[in-house]
Amino acid sequence: MKVVLFCGGQGLRIRDHSESKPLVTIGYRPVLWHVMRYYAHFGHRDFILCLGYKADAIKSYFLNYDETMSNDFVLSHGGKSVDLLSSDIEDWRITFVDTGIHANIGQRLKAVQPHLEGEDMFLANYADGLTDADLNDYIDRFRATGKIAGALCTQPTHSFHIVSVDDQDDSITGVEHITRAGLWINGGYFVFRQEIFDYIGEGEELVEEPFERLIAERQIYGHRYSGFWKGMDTLKDKQELEEMDAAGDAPWQVWNVEHKDSSARNPAAS
């Protein structure tokens, strides 16, 4: 299946750390690369990048991609011969589409509709969240439902507490950590059928009006996953992900390690 990646946002909360939010690095590779490598691991290597803010930076990254910077290789003949021992993106196909600087997610998706002709189903992603969820299982379950849209539902990992307040005297009647409150959030990993485009009106955001229509018709499948998921919205998120990567404990890198039950890695699962 083709994979649509929304890469055009301005990423205001982390912009100072990079020209473009998708290019904020974990180790020496951008978060965008990590998301794409996840999909490639499951056999989905045909990508459509919805570009906007700093589109030139993302294009330049891939146009100047140097496999030797992230793979082992053999150098011989005084540097004239380089033989890669492994490759990252050789079998990837990437379509770059300028979808506008100020467009929202719904309009970015509409803009790449011509590139999805003939695709009964396709994948989509915000390109800033990482998970080790079994994508094959997710897709199989979605396909079995016959619904139009599927969303990966994860549990929040923030350190906030939810409070209950009495309407009569404003007394706080309960405090509970958000990870134990039974809440589910949109993890940004979508599966869509072509019919999704019939639900998106001019100027509409994807998860607002279109999703409201789908919800009314019970046409969105929620794939609940309590294992590892983490978004990268702030500098703190970047630091935590880099620490995991440096320690060799990066569960989203399913291409490097055996896929394990990662419930213990996510406080929301306990």
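Is there a residue being in contact (Cβ under 8 Å) with a residue 24 or more places away in the chain and surrounded by 13 or more Cβ atoms within 10 Å (Cβ to Cβ) anywhere in region 74-89? Checked region 74-89: at least one residue is in contact (Cβ under 8 Å) with a residue 24 or more places away in the chain and surrounded by 13 or more Cβ atoms within 10 Å (Cβ to Cβ). Of the strands (runs of 3 or more DSSP E) lying entirely inside region 71-186, those containing at least 3 residues that are among the small types (Gly, Ala, Ser) span 149-154. The residues on offer are Gly43, Gly27, and the sole one that is at positive phi and at pLDDT 95 or above is Gly43.
The condition (being among the aromatic types (Phe, Trp, Tyr) and more than 24 Å from Gln194 (Cα to Cα)) is satisfied by just one residue among Trp33, Trp92: Trp33.
Selection over region 125-183 of residues that are open to solvent by 30 Å² or more (accessible area, probe 1.4 Å), among the hydroxyl-bearing types (Ser, Thr, Tyr) and under 30 Å from Glu195 (Cα atoms) gives a count of 2.
Go through the residues of region 108-117 one by one and say whether even a single one is open to solvent by less than 30 Å² (accessible area, probe 1.4 Å), modelled with pLDDT under 95 and either out of contact with any His (no Cβ under 9 Å at 6 or more places or on another chain) or of a type outside the set (D, E, K, R) (or both). No, that holds for no residue.
Among the residues of region 23-53 satisfying the criterion of being of a type outside the set (D, E, K, R) and in a strand (DSSP E or B), which is surrounded by the fewest Cβ atoms within 10 Å (Cβ to Cβ)? The qualifying residue surrounded by the fewest Cβ atoms within 10 Å (Cβ to Cβ) is Thr25.
Contact map, region 198-219: first residue loosely packed, with under 11 Cβ neighbours inside 10 Å, second residue at pLDDT 95 or above and assigned to a loop (DSSP other than H, G, I, E, B), Cβ cut-off under 8 Å, separation 6 or more or different chains; pairs are Arg218/Lys147. Within region 54-70, which residues are without any contact (Cβ under 8 Å) to a residue 40 or more places away in the chain, more than 20 Å from Ala124 (Cα to Cα) and outside any loop (DSSP other than H, G, I, E, B)? Hits for region 54-70 are Asp56, Ala57, Ser60, Tyr61, Leu63, Glu67, Thr68. Pairing each residue of region 235-251 that is modelled with pLDDT of 90 or more with any residue that is polar (S, T, N, Q) and not in a helix (DSSP H, G or I), provided the two are 6+ apart or on different chains, yields C-beta distances under 6 Å for Pro251/Ser262.
The values are calculated or read from the model by the stated rules, or taken from the named source; none is laboratory data. The structure displayed is predicted, hence computed values, not measured ones. Note that each Cβ is placed from the backbone with ideal geometry, even for glycine, and that neighbours are counted across all protein chains shown. Surface areas here come from the heavy atoms of the whole protein model, side chains and all, with no ligands, DNA or RNA. Shrake-Rupley method; radii C 1.70, N 1.55, O 1.52, S 1.80 Å.
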